[in-house]
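The structure appears right after this line, and notes come after that.
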Amino acid sequence: MATPCVQEVLPTPLNSTSDQPALFDGTTRLYTCYTCPFAQRAWITRNSKGLQDKIKLVPLDLSNRPAWYKEKVYPENKVPSLEYNGKIIGESLDLIKYIDSNFEGPALLPNDPAKQKFAEELFSYTDTFMRVVYTSFKGDPVKEAGPTFDYIETALHKFDDGPFFLGQFSQVDIAYAPFMERFQVFLQDVWKYDVTAGRPKLATWIEELNKIDAYKQTKTDPKELVEYYRKRFLAQQ
């Protein structure tokens, strides 16, 4: 699937001292954080649909977030959230599906019932994938997280009409991409664990994913990711 190539000038994140935007004025806004993998899911979806002019990015500084966000926008006080038609929609997996279904642009889920069924299986596995890998950072990732990457490798063998989970780039790839981006560089840096070794489908998936502009524009510098994860997971070890 050809994805729209629009290089944006990204707005500066808002913090507790920033002016409040004109909320609920008819503008569709995606509240995000440039380094949050959950928010990145919604951001990739927006870009993949070519909605850069339809959905305005409103990045927040999560370490010093503005009070008005919780008070007036999203009581859960997390990202991502979408301000649309006078209401707020949250939760990253829900937003992948919502943006795809409610806005113009290329469809990110095939009509094939078998592929749709498999998509739901893979969505259901995302929590397990994240939990197992994050937990492994406190132990032996090669041993503990290896089976989850094997699961991904097996899933990528399901359809042979393209390099992605459902053959062509879809909602499922968007759901996994931000976390694989982080896990790959962190495991390689700290444990010298190459998650693609012996997993050719996963290696190809990452390679093809990195050719997609809608995704590339959302990536965080790998050095920043490693530094953040080292502080978060290894500081007390």
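Rule-based calculations on the coordinates, nothing more; no lab input. Here the structure is a predicted model, which means the values were calculated and not measured. Counting neighbours? That spans all protein chains shown, and the Cβs are built from the backbone with ideal geometry, glycine included.
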Distance in Å, no decimals, from the C-alpha centre of region 53-132 to the one of region 159-215 is 20
Footprinting proxy, 18, 101: sorted fewest to most Cβ within 10 Å, the residues are 101, 18
Label model pair residue 77, residue 142: point-to-point distance (7 angstrom along the Cα→beta-carbon line) in nm is 4.2
Residue 17 and residue 232 label points (each 7 Å along its Cα→Cβ direction) are spaced in nm at 2.6
Straight-line reach check, residue 115, cutoff 21 Å on alpha carbons, 8 or more apart in-chain or any other chain, hits among lysines -> 49, 97, 158, 201
Across 203, 155, 67, the residue with the highest GNM fluctuation in the chain (Cα network, 10 Å cutoff) is 67
